[in-house]
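Notes to accompany the following structure.
Read-outs throughout are calculated quantities, based only on the coordinates presented, and are distinct from any laboratory measurement. Note that the structure is a prediction, hence the values are computed from the model and not measured. In this analysis, Cβ positions are derived from the backbone assuming ideal geometry, glycine residues included, and neighbour counts consider all displayed protein chains.
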Amino acid sequence: MAKKFLVINGPNLNLLGTRETEIYGSQTLSEIESSTNNSLSTLGFGAVETVWFQSNIEGEIVEKIHTALNENYDCLVINPAAYSHTSVAILDALKMLKIPVIEVHMSNTHLRDAYRQTKLTAKSSTIIMEGLGSKAYLFGILSQLIN
Ligand code: DQA
């Protein structure tokens, strides 16, 4: 049976490709989705299914996390973006999950602004991938496929 990953992206990540390209690179979110899925299908780790979701709205992200309580996902990958630094609501939603949570930040936030050093959501993350650019999603998923 395919391993199933829910990949959630938070605010402003719909504008990847044009947004602060010096930090986040020039790939759009849908290009990152395609290249992640292409790599997964060629790397030979067996059947993998990914479901990608993006929202700029905190409540929609919370509700999407809730779907992972009832649907058969093996893992949640989430880039909460700016909500990582502010959202108790997303933290609380993540806390309810029984599956691994991989928090992704494309940039290395440790090298950035002081207000990016607080990561509320990371308190309920199993793994944190930072500074890998667009490959952070792929490496996050691979962490669950490599024995
Ligand atoms: C980000 C880092 C956050 O600080 C920022 O607000 C983002 C993107 C990253 O992927 O590096 O929107 O999560």
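At 0.36 nm per residue, minus the direct Cα-Cα distance, what do ASN108 and ASN56 gain on full extension? Give it in nm, one decimal, please. Don't skip to the answer; put the middle values down first.
Numbers: separation 52, 0.36 × 52 = 18.72 nm, distance 2.13 nm.
Once the chain is fully extended between ASN108 and ASN56, it gains 16.6 nm.
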Output row, site THR126, 7 Å Cα→C-beta label point, backbone N cut-off 16 Å, window segment 70-95, residues 70-79, 94-95
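Rounded to the nearest 20 Debye, what is the dipole magnitude of the chain about its Cα centre when Lys and Arg each give +1 and Asp and Glu each give -1 at the C-beta? Working shown, then result.
On the way: 11 positive and 14 negative charges, 68 e Å.
Using only the charged Cβ atoms, the result is roughly 320 debye.
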With N residues in the chain, Rg(alpha-carbon) / (2.2 N^0.38 Å) equals 0.97
Quick calc, PHE45 & LYS95: beta-carbon distance into FRET formula, R0 30 Å, rounding 0.05, result 0.55
Once the dipole of the chain is set up from charges on Cβ (+1 Lys and Arg, -1 Asp and Glu), the residue from the list GLN27, SER87, ILE127 lying farthest towards its positive end is ILE127
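Given 0.36 nm per residue, what is the gain on full extension from THR67 to ARG116 after removing their alpha carbon distance, in nm? Mind showing how you got there, number by number?
Numbers: separation 49, 0.36 × 49 = 17.64 nm, distance 2.77 nm.
The THR67-ARG116 span can extend by a further 14.9 nm.
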